[in-house]
């Protein structure tokens with residue numbers, strides 16, 4: 001696996017004490033998906049997952065902020081669907097109707113659309129999972145709230161390279 | 001693959017950065033070294049409160065204090081920032097948290113099933 005590891009990607013390998021078909025459901029069944037997908041402190045009020053090649057996904061992530069709840073929407077398309085083995089989909093920020101946000105402020109070299117690959121391997125009751133996330137823009141929600149101070153720090157780092 | 005030590009350091013760095021006052025202090029230090037008094041000025045914070053934030057930044061290796069007499073100016077050490085500012089590191093943490101939650105959810109499902117069987 002490591003020799004095909006793309007540049008600029010997050011690759012995470014995990015083993016789960018659960019059969020492969022259950023892990024597959026966790027990725028593809030909206031009710032299961034909502035239960036685990038929200039990053040720290042975020043909930044998933046909406047997950048529309050049309051899991052078939054060419055099918056659309058629309059996911060809403062909600063975080064509580066001092067100014068009330070903030071929603072972020074993500075859309076994408078399923079590119080590969082091989083039950084219990086391989087799931088590949090794209091992801092881009094969008095509005096609640098799935099219209100992809102256009103953001104000209106994204107620096108060059110960082111595509112707005114990213115790709116998530118999930119590979120599952122049946123270990124007889126256990127499951128090995130490799131998740132690869134390729135080409136995530138730097139101003140995506142993971143960086144929300146940090147951007148201001150970071151812009152200054154980034155120019156500092158550039159100057160002190 | 002990051003080692004456990006790298007991971008601990010990243011945790012320290014992220015902990016230190018998870019506060020808007022400390023990020024603002026770092027942004028100020030990116031413009032040049034400053035004393036604690038100078039750093040406290042833009043904030044409506046007491047000197048001890050600012051000192052506390054600086055200690056957290058120091059522990060995370062983000063700030064180094066000069067030795068010169070009573071002022072001991074603070075300066076930014078950008079090394080740990082280089083690691084966390086790449087999007088891969090930011091997203092790695094998001095995904096790691098998600099998969100921890102996946103694990104916890106699986107345990108939850110297993111317990112429910114067990115209860116149903118035994119109940």
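Looking at B:93, B:98, B:72, B:117, can you tell me which residue is at pLDDT below 90, in contact with a helix residue (DSSP H, G or I) (Cβ under 8 Å, 6 or more places away or on another chain) and in a helix (DSSP H, G or I)?
Just one listed residue meets the conditions, B:93.
Give all pairs with beta carbons closer than 8 Å in which a residue from the stretch B:90-115 that is within 17 Å of residue A:11 (Cα to Cα) and at the interface with another protein chain (Cβ under 7 Å from one of its Cβ atoms) meets a residue that is modelled with pLDDT under 90 and assigned to a helix (DSSP H, G or I); count only pairs at least 6 apart in sequence or on separate chains.
Hits for this filter: B:90/A:142; B:90/A:143; B:90/B:84; B:91/A:142; B:94/A:142.
Yes/no matrix, rows are residues, columns are (1) facing chain B (nearest Cβ under 10 Å); (2) within 28 Å of residue B:27 (Cα to Cα); (3) at pLDDT below 55; (4) crowded, with 18+ Cβ neighbours inside 10 Å:
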residue	(1), (2), (3), (4)
A:73	no, no, no, yes
A:85	no, no, no, no
A:95	no, no, no, no
A:100	no, no, no, no
A:116	yes, no, no, yes
A:125	no, no, no, no
A:133	yes, no, no, yes
A:139	yes, yes, yes, yes
A:145	yes, yes, yes, no
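For every residue, the table says whether it meets (1) in contact (Cβ under 8 Å) with a residue 12 or more places away in the chain; (2) facing another protein chain (nearest Cβ under 10 Å); (3) in contact with a strand residue (DSSP E or B) (Cβ under 8 Å, 6 or more places away or on another chain).
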residue: B:13; (1), (2), (3): yes, no, no
residue: B:19; (1), (2), (3): yes, no, no
residue: B:24; (1), (2), (3): yes, yes, no
residue: B:27; (1), (2), (3): no, yes, no
residue: B:31; (1), (2), (3): no, yes, no
residue: B:35; (1), (2), (3): yes, no, yes
residue: B:41; (1), (2), (3): no, no, no
residue: B:45; (1), (2), (3): yes, no, no
residue: B:52; (1), (2), (3): no, no, no
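The values are calculated or read from the model by the stated rules, or taken from the named source; none is laboratory data. Just so you know, these numbers come straight off a predicted model, no measurement behind them. As a convention, Cβ positions derive from the backbone with ideal geometry for all residues, glycine included, and neighbour counts pool all protein chains shown.
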